[in-house]
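Read the structure below first, then the notes.
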Amino acid sequence: MTFSGWLDSLRHKTVAVIGIGVSNTPLIRLLAEHGVQVTACDKAAPALFGNDALLDELRALGVRLQMGEHYLDGLDQDYIFRSPGIRPDLPAFQQAVARGSRLTSEMEVFFDVCPCHMIAVTGSDGKTTTTTIIARLLEAAGHTVHLGGNIGKPLLAETGRMRPEDYAVLELSSFQLMTMHASPEIAVITNLAPNHLDIHRGMEEYVAAKENIYLWQNEGGRLVLNHDNDYTRSFAPKAKGSVTWFARQTEIDSGVTIEDGVITVRGSRPVLPLEDILLPGVHNQENYMAAIAAVDGLVPDEVIRSFARTFGGVEHRIELVRELDGVRYYNDSIASSPTRTIAGLRSFPEKVILIAGGYDKHLDYAPLGPEILAHAKALVLTGATAPKIRAAVEQAPGYTPDELTICDGLDFAGAVEQARALAQPGDVVILSPASASFDQFKNFMVRGNTFKEIVRSLDAK
């Protein structure tokens with residue numbers, strides 16, 4: 001179906017959009033401006049929503065607002081668009097579907113109507129950086145790129161301006177993929193580890209959601225998989241198209257590997273010397289390997305090398321904030337799981353002062369304990385998961401109180417101040433929480449920006 005045809009099909013239909021947030025606001029505007037009867041639903045009451053101007057704009061467009069505690073009551077519209085973070089099996093949705101409503105999402109419709117090439121990335125760690133690298137490499141090679149999904153802006157409202165030769169490059173979360181019924185031409189899965197188990201009903205459901213990124217491909221599809229990861233390695237037999245492996249730790253006969261300090265394609269074509277990668281950490285080497293596997297045949301090797309020498313990374317991902325009194329401060333607020341924090345810790349040759357803790361997603365923190373012992377000289381804890389992280393460290397083999405300073409019971413600002421007090425010239429202080437942000441912040445971006453504001457406000461000693 002074309003984008004215009006889809007819009008025309010809705011003219012005499014009713015639509016409910018669940019969640020008046022960043023991803024859905026463009027959709028609400030798009031539908032209302034094309035004469036669709038839209039009801040915008042949000043669990044925040046109007047007085048608590050925090051954006052009166054937006055609500056006034058939606059009312060002026062003829063949008064009906066259903067907000068507050070009963071925002072899901074009485075859903076009976078022809079189409080219901082859910083926000084990615086809202087489970088599709090809520091009773092209100094099930095009842096509406098039983099009455100004849102169709103439950104969908106902005107991303108599902110985008111897959112149906114997208115007129116251009118599509119590359120999508122998912123995974124537990126590294127997906128934003130990998131997605132960004134892919135998009136920037138394609139742009140550097142002269143392609144027109146539309147970056148969206150779980151990163152950038154929602155793309156459905158932009159579809160009318162896309163050309164067949166363009167590329168839509170998407171980062172997709174497990175929540176976006178849960179009900180997906182289509183897959184991109186090129187699908188990338190960076191890795192998988194337990195995550196978001198506060199919303200998913202278990203690891204099996206989480207993995208099944210991620211698999212939707214490739215299960216709907218045809219024989220012409222390409223699936224890029226991490227051979228080092230047990231979960232992703234097991235997906236290959238189910239792939240309908242070709243599989244391209246990347247591997248930093250295990251040996252593979254073909255795909256993207258590292259040989260003599262150079263990322264190499266198909267065992268014979270040296271592409272990118274590791275020393276040319278500006279981003280620190282072996283996990284960023286893996287991100288480049290995944291990206292190179294995705295753009296193989298689309299981007300010249302020299303473009304890849306030139307880009308890697310200058311690309312400084314994505315905000316909130318081991319982002320250097322400043323150097324003060326000989327101490328470097330890094331913002332790694334994106335690290336909302338133990339595996340991400342482990343990758344951050346391993347990015348530095350010296351032991352760091354780690355600020356960690358936050359909202360509890362019911363993850364296993366035991367693997368983080370030994371990594372903190374190996375890579376941190378001090379641990380400053382804040383937030384709901386502070387006791388779990390402390391316990392993981394204290395129960396790790398080899399722990400002795402004299403070798404690692406642990407400070408907890410602090411609010412966020414106090415944690416940053418405590419880290420500064422512990423730091424000496426030459427040290428690294430890194431915010432890498434191993435936890436979500438929702439106990440104290442709206443999202444990881446607000447947490448990271450708050451950290452940067454505090455650090456930038458510090459005066460030299």
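A short reminder: the numbers here are calculations on the coordinates, not readings from a lab. Keep in mind that what you see is a predicted model, and the values were worked out from it rather than measured. Every residue, glycine among them, receives a Cβ derived from its backbone with ideal geometry; neighbour counts consider all protein chains shown.
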Counting Lys +1, Arg +1, Asp -1, Glu -1, what net charge surrounds G369 among other residues with beta carbon under 11 Å of its beta carbon? -1
So what J values fall out for region 349-364 if you push phi through Karplus, 6.51 cos²θ - 1.76 cosθ + 1.60 with θ = phi - 60°, rounded to Hz, Gly and Pro as x? x, 9, 6, 10, 9, 9, 9, 9, x, x, 5, 8, 9, 6, 9, 8
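Among residues other than P88 whose Cβ falls under 13 Å from its Cβ, what is the net charge (Lys/Arg +1, Asp/Glu -1)?
Result for the neighbourhood of P88: +1.
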Once you charge only the Cβ atoms, +1 for Lys and Arg and -1 for Asp and Glu, what is the size of the charge dipole of region 289-357 about its Cα centre, to the nearest 20 debye? 180
Within region 39-99, which trypsin sites (Lys or Arg not before Pro) sit in a loop by DSSP and count at most 14 neighbouring Cβ atoms inside 10 Å? R99
Taking a cut-off of 26 Å between Cα atoms, list the lysines near K210, but don't count ones fewer than 8 places away on the same chain. K127, K153, K238, K240, K361, K442
Which one, H227, W245, A209, projects farthest toward the positive side of the charge dipole computed for region 192-246 from Cβ point charges (K/R +1, D/E -1)? W245
For the pair V446 and A47, the simple spin-label estimate (label points 7 Å beyond Cα toward Cβ) gives in nm 2.0
Rounded to the nearest 5, the percent of antiparallel DSSP beta bridges in the chain equals 20
Tally Lys and Arg at +1 and Asp and Glu at -1 over the other residues with C-beta under 15 Å from the C-beta of P184: what net charge comes out? -3
Might you report the magnitude of the Cβ-based charge dipole of region 166-265 about its Cα centre, with Lys and Arg at +1 and Asp and Glu at -1, to the nearest 20 debye? 260
Given Cβ charges of +1 for Lys and Arg and -1 for Asp and Glu, the option among S336, L354, G398 whose Cα lies farthest towards the positive end of the dipole of region 311-436 is S336
Using 7 Å Cα-to-Cβ label points, what is the I199/A98 separation (nm, one decimal)? 2.5
Which of the trypsin sites (Lys or Arg not before Pro) across region 388-460 are loop residues per DSSP, with 15 or fewer other Cβ within 10 Å? K442
Placed amide H near I406: partners under 5 Å, 5+ positions off or other chain: L379
What do you get when you divide the Cα radius of gyration of region 175-286 by 2.2 N^0.38 Å, with N the number of residues? 1.16
Residues with amide H under 5 Å of R248's amide H, sequence separation 5 or more or different chain, H placed in the peptide plane at 1.01 Å from N; which? D228
Treating only the Cβ atoms of Lys and Arg (+1) and Asp and Glu (-1) as charged, compute the dipole magnitude of the chain about its Cα centre; round to the nearest 20 debye. 560
Could you please state, rounded to a whole Å, how far the C-alpha centre of region 434-450 is from the C-alpha centre of region 231-308? 31
